Amino acid sequence: MARSFNTAGPCIPDKHYMLPPERRLGRILELIDAEKYFVLRAGRQTGKTTSAQWLTKHFNAGNRYRCVWIDIQTAREQPDPLRAFRTVLNNMKRAVRITLPDLPLPDVEGLLEDPALAILTYLGQLSAASLLPLVVLFDEADGLVGESMVLFLTQLRQGYIDRTQAPFPYSVALVGARNVREFVVSQEERRAVAWLGTNSPFNITAEAATLAPFTELEVVELLQPHTTDTGQAFLPEAAALIFELSQGHPWLVNALADWTVDRQRDRAVAITAAQIEAAKEGLILERRTHIDSLIARLHEPRVQRIIEPMLVGGRAPSAGTLNDDFAYVLSLGLVVLRGGEYVIANPIYKEVIPRALSFDQQAQLHLKPAWYLRPDGRLDMLKLMRAWQDFWREDGHLAAEGFVYREAGPHLMLMAFLQRIINGGGQIEREYALGRGALDLLIWFAGERHAIEVKLRRDTMTGVRALGQLVRYLDETKLTEGWLVLFDLRKAVPWTEKLTTEEVQVEGKSIWIIGS
């Protein structure tokens, strides 16, 4: 059977192109050897389940440990311990029957007579019957909620503490997207598991047990077997662009490669960077499962509290939940800490977020790109910006108030307007981060680039500061002309004063200031 780039479920060596899982699991193996109970935490579709399955096969093929992998995702979001643990125990029963058939199976209903001891008791029975130290991997453990989550963690803790006197697993890993300290949400749950944050039983940091993204060399390594199998090469610039767009996220790497080879069936034709760029656009428009899941998260309040300020270049509100909010978006893989700064994890996510948030408005705009083109096909930016001002006055400012991300409404409305014009003939690059005070846009169209800075007018100095920022942006992009869109949201100021157009010269740069 021909191998393929996997975009659904765990990787299977005979069916999918994949890197050696053990390469990413050195620290995990160390933690197991050290008898640790820990979290294997990473974002969605980064290889957690593939890694857990590899660990299970690896250990059971050796003579040091016995290992069982238990997927408990079907118990997620179930706060009733009786119902949740019935699901967990039945999943454990199935996993043991498949993986370790000589070990005892649980008496599910008997154990559920006391849910507060059910997991503790059965793991003890398994450990007592195993001739080798037992390693247990609970996949999707962070899906448990409420009292079910509290009792589950409490029983693991009790077994960990007592294991010098009573049989219990040698090592336990909770596999999921979040660190164990982030499982608890309510104050009541925090009081019930106040021991979280101590050194027992989860006595390592999440960062010590995570899966690193692929490096650029590993992306090239992953692509090479396709060339070996089919003769179809990925040109060096194509492989480099896959890494740049994905920043090594395993699902994104595979999805970009899969999209291109599926559409370029002539294996004598090499994959180019232009095809990878088309694949990026295709993945966004098709809203593959991974992208759709990301979009769904954007409407969660704790995600919005971080992402909305990033869109406008502001700062996240100083609330009591701020650390938890950052921890959550980091655990989702949506944001990363890079160079000491919180930034969107990769260019694809950076593109998806504003487009997803503004898509409904964009789809309602009756605009034709041809209206704003010069005879030679180049973009008439001044005509486009004046059309924007007309739209903003008539409908845009009202529509912007309907965004869930209301503070970012003007920025999202402008991006929806521009995206509607640019679609099919160019692309928009977006640069936004906390504390920058502005949103930078770079339009690529008909071989030209147009730099736009977007800023909210807050005081008389806003324009001066924005001009300085735009000049630096133009220096970075090696352009001599730029556009500054200044939003004046004051209700009392008439439109005749807001909707201004002015060209100024600053440090040898020609800048158009577009009042909005």
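The values are calculated or read from the model by the stated rules, or taken from the named source; none is laboratory data. Just so it is clear, the structure is predicted and the values come from calculations on it, not from any experiment. Positions of Cβ are generated from backbone atoms using ideal geometry, with glycine treated the same way; all protein chains shown enter the neighbour counts. Ligands, DNA and RNA are stripped out before the accessible areas are found, and what is left, the full protein with its side chains, is counted by its heavy atoms. Shrake-Rupley method; radii C 1.70, N 1.55, O 1.52, S 1.80 Å.
State, as an integer percentage, the relative contact order of the range 369-448 based on alpha-carbon contacts under 8 Å between residues 6 or more apart.
Numbers: 62 pairs, mean separation 20.1, N = 80.
Computed over the range 369-448, the figure is 25 percent.
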Revision key, fill the gap. From the cross-link list Lys455/Lys509; Lys368/Lys498; Lys350/Lys509, the entries with a Cα-Cα span beyond 23 Å are Lys368/Lys498; Lys350/Lys509
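Counting only protein heavy atoms, what percent of the accessible surface of the range 71-171 is carbon or sulfur at a 1.4 Å probe? Working shown, then result.
On the way: 2230 of 4420 Å².
C and S atoms contribute 50 percent here.
What part of the accessible area of the range 336-447, given as a whole %, is carbon or sulfur when the probe is 1.4 angstrom?
Numbers: 2360 of 4820 Å².
Its accessible area is 49 percent carbon and sulfur atoms.
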Practice item. Take each of the peptides 386-396, 478-488, average the number of other beta-carbon atoms within 10 Å over its residues, and list them starting from the highest. Key: 478-488, 386-396
Point to revise | C-alpha long axis of helix 250-263 to longest principal axis of the chain, angle in ° | key: 70
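What Kirkwood radius, in Å to one decimal, follows from the Cα pairs of the range 229-305?
After inverting the mean inverse Cα-Cα distance, the result is 13.4 Å.
With a ≥ b ≥ c taken as the square roots of the eigenvalues of the C-alpha gyration tensor of the range 45-109, please select rounded if a/c is under 1.5 and otherwise prolate if a/b is larger than b/c or oblate if it is not?
Oblate is the answer for the range 45-109, as a/c is 1.5 or above yet b/c matches or exceeds a/b.
Averaged over every viewing direction, what's the projected area of the C-alpha convex hull for the chain? Give it in nm², one decimal, please. All intermediate terms of the calculation are to be shown ahead of the outcome.
Working: hull surface 111.1 nm².
The orientation-averaged projected area of the Cα hull of the chain comes to 27.8 nm².
What relative contact order, as a whole-number percentage, does the chain give when Cα pairs under 8 Å and 6 or more residues apart are counted?
Numbers: 822 pairs, mean separation 59.8, N = 516.
Reported as a whole number, the value is 12 percent.
Counting only heavy atoms of protein chains, what accessible area per residue, in Å², does the chain have with a probe of 1.4 Å?
Details: 23070 Å² over 516 residues.
With the other protein chains kept in place, the chain gives 45 Å² per residue.
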Check your understanding: Any idea what angle helix 322-331 forms with the longest principal axis of the chain, computed on alpha-carbon atoms, 0 to 90 degrees, nearest 10?
Key -> 80
Revision key, fill the gap. The ³J(HN,Hα) series, computed from each phi in the range 276-282 with the Karplus coefficients 6.51, -1.76 and 1.60 at θ = phi - 60°, rounded to the nearest Hz and given as x for glycine or proline, is 5, 4, 5, 5, 4, 5, x
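With +1 on the Cβ of every Lys and Arg and -1 on the Cβ of every Asp and Glu, and nothing else charged, how large is the dipole of the range 1-155 about its Cα centre, in debye rounded to the nearest 20?
Values: 18 positive and 17 negative charges, 156 e Å.
Using Cβ point charges on Lys, Arg, Asp and Glu, the range 1-155 gives about 740 debye.
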Exercise for review: For the range 296-366 and the range 1-35, write down the distance between their C-alpha centroids in whole Å.
Suggested key: 29
Check your understanding: Scattering from the C-alpha atoms of the range 405-447 alone, worked out with Debye: what is log10 I(q)/I(0) at q = 0.26 1/Å?
Key -> -0.97
Practice item. Add +1 for every Lys or Arg and -1 for every Asp or Glu among the other residues with Cβ under 10 Å from the Cβ of Leu441, and state the total. Key: -3
Revision key, fill the gap. In order over the range 156-168: 3J(HN,Hα) from phi, Karplus 6.51/-1.76/1.60, θ = phi - 60°, whole Hz, x for each Gly or Pro, gives 4, 5, 4, x, 4, 5, 8, 5, 6, 10, 9, x, 7
Exercise for review: State whether the range 242-389 is rounded, prolate or oblate according to the following rule on the C-alpha gyration tensor (a ≥ b ≥ c being the square roots of its eigenvalues): a/c under 1.5 gives rounded; otherwise a/b larger than b/c gives prolate, and the remaining case gives oblate.
Suggested key: oblate
Check your understanding: How big is the accessible area of Leu285 in square angstrom, nearest 10, if you roll a 1.4 angstrom probe over the protein chains?
Key -> 110
Exercise for review: Would you list, by chain and number, the lysines whose Cα falls below 25 Å from the Cα of Lys57, excluding same-chain residues fewer than 8 positions away?
Suggested key: Lys15, Lys36, Lys48, Lys93
**Study point:** Rel. contact order, % - alpha carbon contacts under 8 angstrom, at least six apart, the range 318-383
**Key:** 13
Review point. Between Arg23 and Glu341, 0.36 nm times their residue separation minus their Cα-Cα distance comes to what?
Key: 111.7 nm
